[in-house]
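The values are calculated or read from the model by the stated rules, or taken from the named source; none is laboratory data. Predicted, not measured: the structure shown is a model, and the values here were computed from it. Reconstructed Cβ throughout: ideal geometry from the backbone, glycine too, with neighbour counts over all protein chains shown.
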Amino acid sequence: MDTNDAKEAWHAQPSRPRLATDAGSVIEDVRRDQRAFAATIFWRDVREVGTCALMVPLWIVVGARSAMPWTWYLAVPAMLWVAGFMLADRLRHPRRPVDSSEPLRRHVERSLEEVEHQIWMLRNVFWWYLLPLALAMFAFVGQVAWRLPMGVWPAALFGLLASAILSGTLAGVYWINQHAVRADLEPRRRKLDALRASLADEEPAAG
C-alpha cells in the first residue's frame, strides 16, 4: 500500500482540539478534514485496484510467452483477491453523504469511525494483502529452485537467497504500513477522540 496515503490525509491540526466560539467554523474544519481523508483513501484504493486490474492480463501474457511454470499463475488469484477485498470493503463501508444539519459531535464521530476502520485495515494488512501475494511468490521461487539444472545445494542456496529477498521486501512493506498507523492514524484518532470528549463535556453546560 502507498506509504504516504495516511500521512496526506491528516493535514495541519492543532495539538489541542479547537472548541471555538464559532461552532460553524469548527464544523467546517471537521468537514474539510473528513473530505480530505476520504479522498486520500479513495485514490489509494483506485491505485491499488487499478494496478491489480492492469497486472493480471500482463502477468498472464508474460507467463505464456516465457513458458513460465504453473506456479507463476498463482499470482493472478492473489491479485484478484486483493482487488476484490478492497472493492468489497468499500461496498461494506460506503461513505455516507454529509448532512449539514447534523451536530458537530456527529461529524467528529463519523470521522473517528473512518479513521478507526483504516487503522484496522493497516493493522491486518498482512492477512488480506501480503499473505496471498507471499504464498504465490514463495511457491514460484520454490518451483524454480527445484527445476534448476544444478546440484541440490546450489538450488537450495538459490531458493534461500530468493526467499530472503522476498521476506525482506514483504517485511518492509508491513513495517511501512504499521509506521503509518503509529505516526499518522493513531495521532489523528487521539485528536478526534479528545474533541469528541470535549464536546461531550460541553453538552451538559449548553443544556
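Things to note:
- Any hit, region 118-127, residues being under 30 Å from A197 (Cα atoms), assigned to a helix (DSSP H, G or I) and over 19 Å from the mean Cα position of the chain (by Cα): no
- Filter result (exposed (fewer than 15 other Cβ atoms within 10 Å of the Cβ) and either modelled with pLDDT under 95 or of a type in the set (K, R) (or both)) within region 44-65: R47, R65
- Just one of the listed residues (R123, R105) is surrounded by fewer than 19 Cβ atoms within 10 Å (Cβ to Cβ), modelled with pLDDT of 95 or more and either among the β-branched types (V, I, T) or on the phi < 0 side of the Ramachandran plot (or both), namely R123.
- Among the residues here, V98 qualifies as at pLDDT below 95, surrounded by 15 or more Cβ atoms within 10 Å (Cβ to Cβ) and in a loop (DSSP other than H, G, I, E, B).
- In region 171-207, the residues that are at pLDDT 95 or above and more than 27 Å from F37 (Cβ to Cβ): A171
- All of (1) at pLDDT below 95; (2) more than 23 Å from P77 (Cα to Cα); (3) assigned to a helix (DSSP H, G or I) hold for A145 with one exception: (2).
- Unique residue being in contact (Cβ under 8 Å) with a residue 40 or more places away in the chain and not in a loop (DSSP other than H, G, I, E, B) when the list is A83, A78, A88: A78
- Scanning region 106-150 for residues that are in contact with an Asp or Glu (Cβ under 8 Å, 6 or more places away or on another chain) and either under 21 Å from E48 (Cβ atoms) or of a type in the set (A, V, I, L, M, F, W, C) (or both) returns L112, I119, M121.
- Scanning region 113-164 for residues that are among the β-branched types (V, I, T), in contact with a helix residue (DSSP H, G or I) (Cβ under 6 Å, 6 or more places away or on another chain) and more than 21 Å from W70 (Cβ to Cβ) yields V115, I119, V125.
- Exactly one residue among I41, I27 is of a type in the set (A, V, I, L, M) and touching a His at 6+ places or on another chain (Cβ under 8 Å), and that residue is I27.
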